[in-house]
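Read the structure below first, then the notes.
The values are calculated or read from the model by the stated rules, or taken from the named source; none is laboratory data. Remember, it's a predicted structure, so these values are computed and weren't measured experimentally. With ideal geometry, Cβ positions are generated from the backbone for all residues, glycine too; neighbour counts draw on all protein chains shown.
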Amino acid sequence: ILTGLYQGGVWKVRVELPDAYPYRSPLIAFVNKIYHLNVDELSGSVCLDVINPTWSPMFDLVNVFEVFLPQLLLYPNPSDPLNGQAAALLMRDRPAYEQKVKGDYIHLGSFQTSIK
């Protein structure tokens, strides 16, 4: 990641294409741990509004990797969290949230091989 709170982190992403792709959205998940309120901490599944209900065949995987995921990392959506604890921490104490991301996950978690 080149900018923002997650700058310097390196993550692997799993993409599963359904049989009906591109008419149905791909399933996107981080393989190694990332602390983000719109990512399920156990499975790595990504909550992207555009990936699910508003997906269109006009979108492609380039959009996912160059637009949607970078926007998700830069602008988390606390109104639609998959990680409620992270959302609560962000809303209650943003500096503590940022420290948890930078300390626990950028320097340690992004180098793990997989989510268990």
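Here are some notes:
- Options 31, 46: the member that is surrounded by fewer than 15 Cβ atoms within 10 Å (Cβ to Cβ), at pLDDT 85 or above and among the aliphatic types (A, V, I, L, M): 31
- Count of residues meeting criterion [in a loop (DSSP other than H, G, I, E, B), surrounded by 12 or more Cβ atoms within 10 Å (Cβ to Cβ) and modelled with pLDDT of 90 or more] in region 6-18: 2
- Per-region count, region 28-84, residues without any contact (Cβ under 8 Å) to a residue 40 or more places away in the chain, in a helix (DSSP H, G or I) and in contact with a His (Cβ under 9 Å, 6 or more places away or on another chain): 1
- Residue match in region 19-28 (condition: in contact with a strand residue (DSSP E or B) (Cβ under 7 Å, 6 or more places away or on another chain) and exposed (fewer than 12 other Cβ atoms within 10 Å of the Cβ)): no
- Residues of region 56-70 that turn out to be buried (at least 18 other Cβ atoms within 10 Å of the Cβ) and either within 15 Å of residue 24 (Cβ to Cβ) or over 12 Å from the mean Cα position of the chain (by Cα) (or both), as a count: 1
- Test result for residue 73, under 17 Å from the mean Cα position of the chain (by Cα), modelled with pLDDT of 90 or more, surrounded by 16 or more Cβ atoms within 10 Å (Cβ to Cβ) and not polar (S, T, N, Q): yes
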